[in-house]
Amino acid sequence: MDGRPHGWPWFRNHADLDSYELLVRPVWIFDVDRHEMWWGNGAALGFWNAESQEAFQARDFSTDSSNVRDRLRQIVSNKASGARVQESWTLYPSGQPTTIIANIAPVWIADGRRAIMLEVSYPLDLGQDPEALRLLEAAKNTPLMISTYALGGNLLAQNTAAAQCYGAEQSGLVGQGSLLKARIGDVEVAGILLTAAREDREHQRDIVVNTLLGTRWHRVTAKRGRDPITGQVVLVLSEEDISDHVQLKTSLAEAKERLEERVAERTKSLTAANRSLEAEVEERKRTAAALELRDIWLTTILENAPLEVVLRDRGGKELLASNRRWTLVSQDVENRKTLNSDMTRVLEVGEPIQREISAKTTSGPKTLIVARFPLTDPLGETHGTCSITTDITEQRQYQVGLARAQKMEAVGRLTGGIAHDFNNLLAVIQGNAELLAEEGGHDQSLIQPILHASGRGAELTHSLLAFARKQALRPEVVDLVVLVERTVELLSRTLGPSIRIVRKTSGDQVCALADPGQIELALLNLALNARDAMPGEGTLTIDCRTAPSTASKIEGKPKPLALLEVTDTGCGMSPETRRRAFEPFYTTKDTGQGSGLGLAMVYGFAKQSGGKVTCLSREGEGTVMSLYLPLVSEEAEEERKPKATPLATGQGETVLLLEDDEDLRQLTSRTLIDLGYRVLSASQAAEARAVLSESESIDLLLTDVLLPGGVSGLAFAKEAIGGHPDLKVVVMSGNIVDQSDLGSVTPLLRKPFRRRELAETLRHCLDQPITT
């Protein structure tokens, strides 16, 4: 055996083919392995305009597409028995398209290479190709825009979607001077797309184009093609309008999780009819070439479009055509009853239907837009349906996240405004109570509760601000046992009588270094989540202790930690819920019942404090939430306790007080005078500007942040320092202020502040040297 397939002829040299020289039909042998001509008879040399066998064999086929090469190899592979095949081909012997019918048989040549022998007849009597016509019809009506351009940039043809987008009728394009660069608006990008066609490579990019609707973003795919009229290489350009997607991405970047999404209308009413081919042979040749080329375009579009496209017959069972997305989306849908009903209605009424559905799939719930329309012939008879499906699950999720983010932003603004006014009130209450305490002669048992209550109010305001947005933490040594005992009464009122609270502590001190207000807020969040997991009744256990060494690791490194543990007897969590428990905006509650931020805040606070939080839960067995915070010893606690020092007083320096709240301004002015300062006061920036210009020497500006009149305290402080470089500045605020806005040398007094805190802040600021 020589190794060649059974039944293949073997031509060892050209002499074996002398008998074919007498044939009037062109016959030639093409070397498939080398992709070049090996031999041709006289008629073949005449067909290819070759003067000799050498010129015939030297003809260049390097520009053939990969589709041509794959088809030749397929013929050789599938016809190992030596059987012939007959196919219609469009060739370019003189640069012009010529359609032939070729009888093709695999042969063996020379020293054992694979080849095919072609016996050619032409011109070709073409008929209609129903499948190609259906695909052409789908290409005409697809929402994707398809255009062809000469390599000089002139527009040659476009489908209906492209004509609607750019405002030109298809029949009036040729010779009108429509240029690729005019639509794209960027000469360099137009050149890149044309170069891709010249070099026979695919190129895709997102660009800005000029349309009837104005400037739009399109995702364009450039490929090489052949003009069926001239045979010249052309640029085949498919475009998808992605303006909404680009707008969504821009909104995400600019607004930080504020999302905007507009779901564009995906499908319009589609009706069309097939056209009869012209009777003349030349017209048939051009039409056949166009159908073949457009078939290639449509196949490329369908396989790469992010849509599911399915064509079925009238019975709905036989699949006429589909793209690869059909296996990714359509077969994933479990409940097809609604979609089958739509198909029946489309066939009966003959009108398109579009609907949005929620589908249960093996990969989870999905939101889909499904459009269906009838496939009709030129006589109006319906032969089947076309279904186009788009997965918009991600867009819907973005919309939900945007709504939640906007809600939390509104809560933050409201909370910030309330906190500012509330802190001013607390400052007045606290300041006057301190004055009464220092004057003597008053019942201290009545004054101290006022001071304690105003301090608790300040802590609550601090917690509200931390809930609204990120807040700079103020860590201090906190005895978790004492904190839990102080918080249990609040939790009892909040959780209700159906929840039994158990404190489980050893009695020893468990001291952590963290912001006490944030610890209380974290404990409240954990308790509220536990309550929701016990809708009937249940037990909530709170435990404080030193964490065991096996759990005392942060990022793999040992670290002494204090443990605050909250255990409930509720319904527990599924593995999926447990995995996403600390994810922002994730919640298992009904819409409007929870924001999904409670556990995310606990997680962020723990990480920012140098600790961690863990969750242990099983369905039906309750949940254990463990908050770990940096542990400090009793000795460290004693070292951090403030030492008693004399009250810092002024030395006759002049202070310009800028505060819009009249009661707080009078109280602060009186306190400053008692501390030994000379005080000038103003209620807004314009008054303070006048005082500053009229006074010879002002040592320090004490200003609120939020002021009436359109100029904030921070803006006025920068203005004042610009004209008086030696002026010291202390800022007061009952709201959140970013320390980076103040600079490294500007102290911040958070309202409400104590008399000692005011005295120490002013004295420390005045004693600091001026930096340049």
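Laboratory data are not the source of any read-out in this text; all were calculated from the coordinates shown. Bear in mind that the values here come from a model prediction, so they are computed numbers and not experimental data.
Give me the extension gain from L528 to A290: residue separation times 0.36 nm, minus the current Cα-Cα distance, reported in nm with one decimal.
Full extension from L528 to A290 adds 78.8 nm.
Could you please state, rounded to a whole Å, how far the C-alpha centre of the range 535-576 is from the C-alpha centre of the range 657-673?
Comparing the Cα centres of the range 535-576 and the range 657-673, I get a distance of 47 Å.
Quick one: length gained pulling L435 to E537 fully straight, 0.36 nm per residue minus the C-alpha distance?
Stretched fully, the L435-E537 segment lengthens by 31.9 nm.
Among the listed pairs K249/K360; K728/K751; K612/K751, which have their C-alpha atoms separated by more than 25 angstrom in this model?
Correct reply: K249/K360; K612/K751.
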